[in-house]
Amino acid sequence: MNHHTPLSLGFSPCPNDTYIFHALVHGLVTGAPEFAPICLEDVETLNQWALQSRLDVSKLSFHALGHVLEDYVLLPAGAALGRGCGPLLVAREQLDPAELPGKRVALPGRYTTAAMLLGLFAPACLPAAGSDLPANLRLLRFDRIMPALVAGEIDAGVIIHESRFTYRQRGLKLLVDLGAWWEEMSGLPIPLGGIAARRSLGQEKLTAIADAIRHSLAQARRNPAGAMEYIRRHAGELDNEVMRAHIDLYVNDFSYELGAEGKQAITEFIRRGRQAGILPASNQRLLLDKRG
């Protein structure tokens, strides 16, 4: 690829992503690769695009990453991992998780980390890779799950993003904190999503992209107010308090550099997904390293 050919880039309109990428997409990172087009889409849309290998660089769920490793490699910057920040399984009424296979359960996308966590927690709920979803599972955009619960269209749902801050206001009840379950079971932070790039870009360009993301995040940390207009423009109806809570929860030191613990958490997540039959096997390296 020509060094000057712009790269396509996708990330979500959620505050954590727009916070991280603000400086990069506004030309404020010196020497960064050029990106065009820049696509802001729901993470499940990005997951589906990754399965089609549409973008050069993209945010995607770690569940989706496990399906696209032949084409993409994970970059060490821009990820969302942490503790106390995982998906929640909620319902209008208290349910025994053992009842879930017979209930209408909504997922925020087939290839979201939320879906894989539910499959690891309750194996009867999610089929093996390549199989059709059972009839009781409904795929809804993440911001449609709580309204569908309130309306009685579904019995339970796995919620992500800012929904974890607002579900109680809708009168919904927590059945399982899937992130907390993962942390207790594995002893590791929950890996939610990361930035992947085409392997074919090569070591030099992949490293330059990761460095540019790091510099963009560093600028946001130095001047958070400078990114707020961009964040607010894409945050829908979120108020300032929820936007700040969202950023504080999902942007942390793992976002700047995965480090040993972050890499261990992602590797273990992919390993367990393969062991459960949710993810296919692959001989490709998961993470960008000095070998490319």
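Laboratory data are not the source of any read-out in this text; all were calculated from the coordinates shown. Bear in mind that the values here come from a model prediction, so they are computed numbers and not experimental data. Every residue, glycine among them, receives a Cβ derived from its backbone with ideal geometry; neighbour counts consider all protein chains shown.
Mind telling me which of Ala148, Ala210, Ala80 comes out most flexible in a GNM of the chain, alpha-carbon contacts under 10 Å? Highest fluctuation of the listed residues: Ala148. Summarising the strand pairing of the chain, around 60 percent of its internal DSSP beta bridges are antiparallel. Distance from the Cα centroid of segment 58-81 to that of segment 180-259 is 13 Å (rounded to whole angstrom). In whole angstrom, the chain maps to an equivalent ellipsoid with semi-axes of 30, 22, 16, each derived as √(5λ) from the alpha carbon gyration tensor and ordered largest first. Relative to the longest principal axis of the Cα atoms of the chain, the long axis of helix 203-222 lies at roughly 70 degrees.
For segment 120-177, trypsin sites (Lys or Arg not before Pro) are listed when DSSP marks them as loop and at most 14 other Cβ atoms sit within 10 Å of their Cβ; the list is Arg141. Working from Cα positions, state the angle (0 to 90°, nearest 10) between the long axis of helix 224-234 and the longest principal axis of the chain. The angle comes out at about 60 degrees.
With Cα atoms defining each centre, segment 3-42 and segment 104-119 are spaced 27 Å apart in the structure.
Calculated from the alpha-carbon coordinates, segment 27-107 shows an Rg and a Dmax of 17.4, 54 Å respectively. Comparing Tyr256, Tyr230, Tyr111 in a Gaussian network model of the chain (Cα springs below 10 Å), the most mobile by mean-square fluctuation is Tyr230. Only bridges whose two residues both fall in segment 88-186 count here: according to DSSP, what percent of them are antiparallel, nearest 5? Counting only bridges with both partners in segment 88-186, antiparallel ones make up about 60 percent. The count of lysine pairs in the chain with alpha-carbon distances below 27 Å, taking only pairs 8 or more places apart or on different chains, stands at 7.
Sparse packing (at most 12 other Cβ atoms within 10 Å of the Cβ) combined with a DSSP loop state is found for the following GluC sites (Glu not before Pro) in segment 66-147: Glu70, Glu93.
The P(r) of segment 88-186 has a tail past 16 Å containing 50 percent of all C-alpha pairs.
Taking Cβ atoms as reference points and 15 Å as the exclusive limit, the residues near Val57 contribute a net charge of -1, counting Lys and Arg as +1 and Asp and Glu as -1.
If you run the Gaussian network model on the chain, springs between alpha carbon atoms under 10 Å, then out of His246, His63, His26 the most flexible one is His26.
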